[in-house]
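Taking it in order: structure first as structure tokens, then the write-up.
The values are calculated or read from the model by the stated rules, or taken from the named source; none is laboratory data. What you are looking at is a predicted structure, and each value in this text was computed from that prediction instead of being measured. Don't worry about glycine lacking a Cβ; one is built from the backbone with ideal geometry, like all the others, and counts go over all protein chains shown.
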Amino acid sequence: MEREVQNKLEKVRRLMLERGLDAMLLVERSNFAWITGGEAPSVDETTGRVAACAVVTEDSAYVAADEAEIARLNQNSCLEQKGFKLISRSWYEGLPDPDSFGARNAVGADVLMSGAIYYGDEVAPLRFKLEPEEIDRYRWLGGQLGKALEEVARCVEPGMTEHKISSLLAVRLVDSGIAPRVTLIATDGRNTSNSQPTPTYSRMEKYAMLTVAGSRWGLSASATRMVCIGPIPDHIRAWHDAAIRIEAAAICATRPGQPVSKCFDAAVRAYEDVGYPDEWKKHHLGGATGYLVRDYLATGSSQETVLENQAFAWNPIVHGIRSEDTIIATKDGPDIITQTGNWPMRSMQGNDGSEIARPDILVR
């Protein structure tokens, strides 16, 4: 069995032992992808669940699915090599009966289901600290997503609709094996009035802001870039400078062992420092990411602590202008995985005095 999967099974089994459980069923897409080391079989992308169920017992691990799905898994996944026993069921039988896996006492599950106790809120934190193999996959994902985003930003032209720009980005991501999860495009004046600019038929005249979240192996990364044709309007420059300074403050504060509330507080202080003290109230500032676009949003009352090798994506917004990258909080500092090294950058200073480069507006 692969070390990554073994480590994760041990985490689940410790939770089972603490709660007196004989088995744990994992059905949510995020948890299934995590426990299986990046396998996320699904046909219907509109649901948060996969077409299979992972079952963890004291001494075994199974994946149960209907006969058609088992056939697909045998072709497209490495579950058996990773130590999972495949159990075939008829499509109409639903989720497996825990008794069939030797469970005689309490059973847990990450979804609400008959005969099991809900433990989804306790399973989720087990995902937060990334294994070395996950970090390798995440860096690939972040690099490819950042590259796709920046390549599309370099080819957008005045007259393109936001839908057109979104489609170019989707094609580029899918061509790299990345599934688009969130795409936000804002052209010209729409930047200032909408913090979540889903694409419309508005046409680009001078500038555009592109935001995307994409996933592969169950992991999600997100980033934002902005492009301007010709000189940057003064108000856009001011708002963008403010946004990247705020994000720099949040990133520099995101260190292992730091309370997440303190990271949030650093961002709020940065809003005040750049002269926009109330802008943070208009939209969330981001938070932890990983197997969901956001595992949880950071607030001033967050009880979580930044873990070593945990992923975060901060997305401060000033009058609709956003700055965003995905980072991994390591003991040596933030690893910005969506940064490509092929984009104009600005050096910013965090509240602790440390310097960090943030993406500037690309002028074409």
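Of note:
- In the range 242-274, the residues that are over 24 Å from the mean Cα position of the chain (by Cα) and surrounded by fewer than 19 Cβ atoms within 10 Å (Cβ to Cβ): Arg269, Glu272, Asp273
- The range 192-219 residues that are farther than 22 Å from Ala243 by Cα and not assigned by TED's automatic domain parsing to the domain that holds Val152, paired with ones that are crowded, with 19+ Cβ neighbours inside 10 Å and of a type in the set (A, V, I, L, M, F, W, C) (beta carbon under 7 Å, 6 or more apart): none
- Restricting attention to the range 342-351, the residues that are at pLDDT 95 or above, under 17 Å from Ile244 (Cα atoms) and part of a loop (DSSP other than H, G, I, E, B) total 2.
- Checking Ala148, Ala124, Ala106, Ala170 one by one, the residue that is touching a strand residue (DSSP E or B) at 6+ places or on another chain (Cβ under 9 Å), surrounded by fewer than 17 Cβ atoms within 10 Å (Cβ to Cβ) and among the aliphatic types (A, V, I, L, M) is Ala106 and no other.
- Identity of the residue in the range 186-218, under 23 Å from Pro316 (Cβ atoms), within 20 Å of the chain's Cα centre (by Cα) and of a type outside the set (Ser, Thr, Tyr), that ends up surrounded by the fewest Cβ atoms within 10 Å (Cβ to Cβ): Gln196
- Any chance Asn74 is over 20 Å from Gly177 (Cβ atoms), modelled with pLDDT under 90 and not aromatic (Phe, Trp, Tyr): yes
- Extreme residue, modelled with the lowest pLDDT, among residues of the range 1-48 that are of a type in the set (A, V, I, L, M, F, W, C) and either in contact with a Cys (Cβ under 6 Å, 6 or more places away or on another chain) or surrounded by fewer than 17 Cβ atoms within 10 Å (Cβ to Cβ) (or both): Met1
- Count of the range 60-74 residues which are touching a residue at least 24 places away in the same chain (Cβ under 8 Å) and assigned to a helix (DSSP H, G or I): 4
- Elements of the type strands (runs of 3 or more DSSP E) sitting completely within the range 194-313 and holding at least 2 residues that are farther than 19 Å from Leu149 by Cα: these cover 286-289.
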